[in-house]
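S.K.: Below: one structure in structure tokens.
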Amino acid sequence: MQNEYRFAVRLLSAEEGGVYLIEFPDLLGCMSDGETVAEAIANGEEAKRDWIAAMVEAGRPEPLPTAEAADAARLGIRKDIAAGVLRNRRQNR
């Protein structure tokens, strides 16, 4: 199960293309767009999967969503360990 990441969707100005842009603040540079909000979200999900796959392929751990990263830091847990623990908790609910 993949982590749930916050995202923001905004309408770009006509000069910027006039489409809806989706960005994932926890995934630096991960973004996509679409003619509608629904299309932007669907395209964003694909971009998110590809972004995470590229990180894993490069040997980097999947980053934690902001709330989970804050929990891990508060508890003094390494992010890579916390990601596995929190992912397991969600799967066992």
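The values are calculated or read from the model by the stated rules, or taken from the named source; none is laboratory data. This is a predicted model, so every value here is computed, not measured. FYI the Cβ positions are ideal-geometry reconstructions off the backbone, even for glycines, and counts take in every protein chain you see. Side chains are part of the model used for accessible areas, which takes the heavy atoms of the whole protein and leaves out ligands, DNA and RNA. Shrake-Rupley method; radii C 1.70, N 1.55, O 1.52, S 1.80 Å.
S.K.: Round to the nearest 10 and report in Å² the accessible area of Glu35, as given by a 1.4 Å probe over the protein chains' heavy atoms.
M.R.: Accessible area, nearest 10 Å²: 120 Å².
S.K.: Another one. Would you work out the charge dipole size for region 5-64 about its Cα centre, treating the Cβ of every Lys and Arg as +1 and the Cβ of every Asp and Glu as -1, and quote it to the nearest 20 debye?
M.R.: 240 debye
S.K.: Under the rule of at least 5 residues apart or a separate chain, name every residue whose amide H is placed under 5 Å from the amide H of Val19.
M.R.: Amide H to amide H, under 5 Å and 5 or more residues apart or across chains, Val19 pairs with Leu12.
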